[in-house]
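The next block holds one structure in the form of structure tokens; read it before the comments.
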Amino acid sequence: MSKKKQKCYIYIRVSTAMQVEGYSLEAQKERLTKFADFQGLEVVREYCDAGKSGKNIAGRPEFTQMLQDVADDRDGVDYILVFKLSRFGRNAADVLNSLQYIQDFGVNLICVEDGIDSSKDSGKLTITVLSAVAEIERENILVQTMEGRKQKAREGKWNGGQAPFGYELDTKNSTLVVVPEEAEIVRIIYDKFVHTDMGADSICNYLNQHGYSKKRVREHEVSHFARGFIRNILDNPVYIGKIAYGKNTTEKVKGTRDQYRRVKQDDYLIADGNHEAIIDMETWEAAQKKRKETGVKWNKTHSLEHEHILSGILKCPICGTGMAGTVRRRKNKKTGEYKDDFYYRCLHRKKIDDEHFCNFKPSLNQNTINLEVETVIMKMVNSPGYREAVEAKMGQTVDVSSLEHEREQYRAQLRQVVGAKNKLTAMLDKLDVEDKHYDRKYQDMQDRLDNLYDKISELEDAIADIDEKINGAYGEQVTTQYLYSILKNFEELYYEITDLEKKEFMRDFIESIEVLPERTESGRILKRIDLRFPIYYEGNEGKEIRLLNEKSVETICLLSGPRGRG
């Protein structure tokens with residue numbers, strides 16, 4: 001009677017869609033298949049993660065599915081075959097956890113090229129040592145690369161990435177060259193900030209209104225000047241001929257294994273650069289002194305219970321940006337007591353076309369605007385058919401699928417860039433110092449590596465932004481069911497909750513609120529309210545709001561006269 005064949009899975013992976021370490025997907029598969037035939041193993045299923053990093057399990061769907069199939073005893077396998085241990089994973093903790101997981105279900109790991117079999121006594125010890133060594137090696141490569149970048153900064157060379165405003169990059173010499181037209185704008189910024197009482201907003205207005213502009217390096221950038229841009233100019237020592245390194249670092253988020261964030265550092269390397277300064281030291285020191293005096297974070301000291309409920313979602317009728325909450329404090333001359341009045345104002349002076357800037361200056365009383373919006377919602381919840389529509393929506397969950405899809409796209413891009421970076425790092429490490437073209441090859445690879453690090457930072461920032469949005473959706477604890485329960489009992493619940501809870505409710509319920517440039521003769525200021533709520537309503541001023549369609553449109557139009565669906 002012939003012995004029953006043992007079954008196995010094979011798992012193959014490369015860090016990028018291209019060949020990595022000389023072992024393509026096809027080469028791995030062929031080697032594993034031949035090994036299985038030689039050992040008399042039956043391959044019952046194949047799993048392949050193409051272009052997936054082995055840094056952690058997250059983002060490797062085929063690997064995750066394989067572990068699930070092992071747990072479900074889908075095929076009754078005895079082994080998982082991988083080409084090398086690095087294909088199974090590069091994070092020591094993940095490797096050992098995954099190994100323990102499959103062994104709990106009676107499945108062992110065989111690393112063909114490394115000659116490791118976890119079913120043998122020495123196998124797991126070898127895996128433990130090799131996985132730890134691989135992780136340490138990866139970290140060492142990163143440290144060495146960053147040290148190379150730091151040394152480049154010490155030598156006064158530009159360390160890669162986009163040249164700062166006012167300069168262009170001389171790639172041959174890795175240094176910065178002054179752009180006269182932009183340098184003149186930098187000098188104006190410092191002069192206005194140091195020698196007048198103008199702040200960042202006022203300097204923006206001055207530059208925009210006097211015809212100055214900046215070229216767009218990236219598609220998402222704007223040609224006009226904004227507050228953040230001015231502050232970055234004032235805080236960058238590159239303009240006094242210095243090179244700064246390590247102003248921002250990537251730090252691991254505490255309590256997580258694979259989450260990182262960009263953090264500003266107070267202590268970082270500043271070296272003399274090889275480039276020409278645009279600003280003299282006296283002007284720089286004066287600017288830094290004023291920045292410390294005016295750049296202190298504002299903390300709320302009064303009206304602590306008050307929240308600007310509609311800030312951000314109330315849109316300026318001229319430039320369309322979110323209006324901010326402001327406060328005016330008045331003192332009663334007789335009693336000495338203070339009274340706070342709250343308003344919504346447009347604090348932006350955004351350029352709306354080639355010649356004009358936003359000039360919407362009115363302050364909208366918060367009590368009045370808040371009441372008008374609440375009245376609109378009250379009319380809506382009391383309209384025919386509304387209660388049935390809300391009850392039909394009860395129990396649905398917050399939908400962040402579009403955000404998650406966008407995040408996965410960024411993660412996929414990040415995995416590809418990191419894979420390319422790792423491959424380039426390995427190539428850089430293997431350069432032959434005896435090669436007559438060593439210096440040129442090293443510099444070329446280093447420049448490419450710098451660009452990859454810049455791209456990694458951009459992608460990490462984009463992922464962090466989406467993570468914040470997703471965490472906010474869940475972290476605020478305003479689930480869809482809770483949202484609809486408030487709407488269902490709006491008259492009873494809304495006026496019992498705190499200002500902060502009202503603000504959270506409005507942000508979850510309302511996408512944006514458009515207002516008219518000025519009140520109509522009848523006193524109306526609200527133009528349109530767009531909701532996140534998937535029911536479409538329409539109404540005329542002073543008349544009952546009418547439910548039109550419950551599925552197709554996710555917008556509410558109120559107090560604006562009859563409107564079509566287009």
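Where a number appears in this text, it was derived from the coordinates with a stated rule and is not lab data. It should be emphasised that the depicted structure is a prediction, and the values quoted were computed from it without experimental measurement. A quick note on method: Cβ atoms are made from the backbone with ideal geometry, for glycine too, and the neighbour counts reach across all protein chains shown.
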query = What's the Kirkwood radius of segment 401-475 in Å, using all Cα pairs?
reply = 14.2 Å
ask   = Of the cross-linked pairs LYS172/LYS436; LYS150/LYS423; LYS84/LYS436; LYS7/LYS124; LYS215/LYS455, which ones have a Cα-Cα span greater than 23 Å in the structure shown?
value = LYS84/LYS436
task = With a Förster radius of 51 Å, plug the Cβ-Cβ distance of SER213 and LYS5 into 1/(1 + (r/R0)^6) and report the FRET value to the nearest 0.05.
result = 0.10
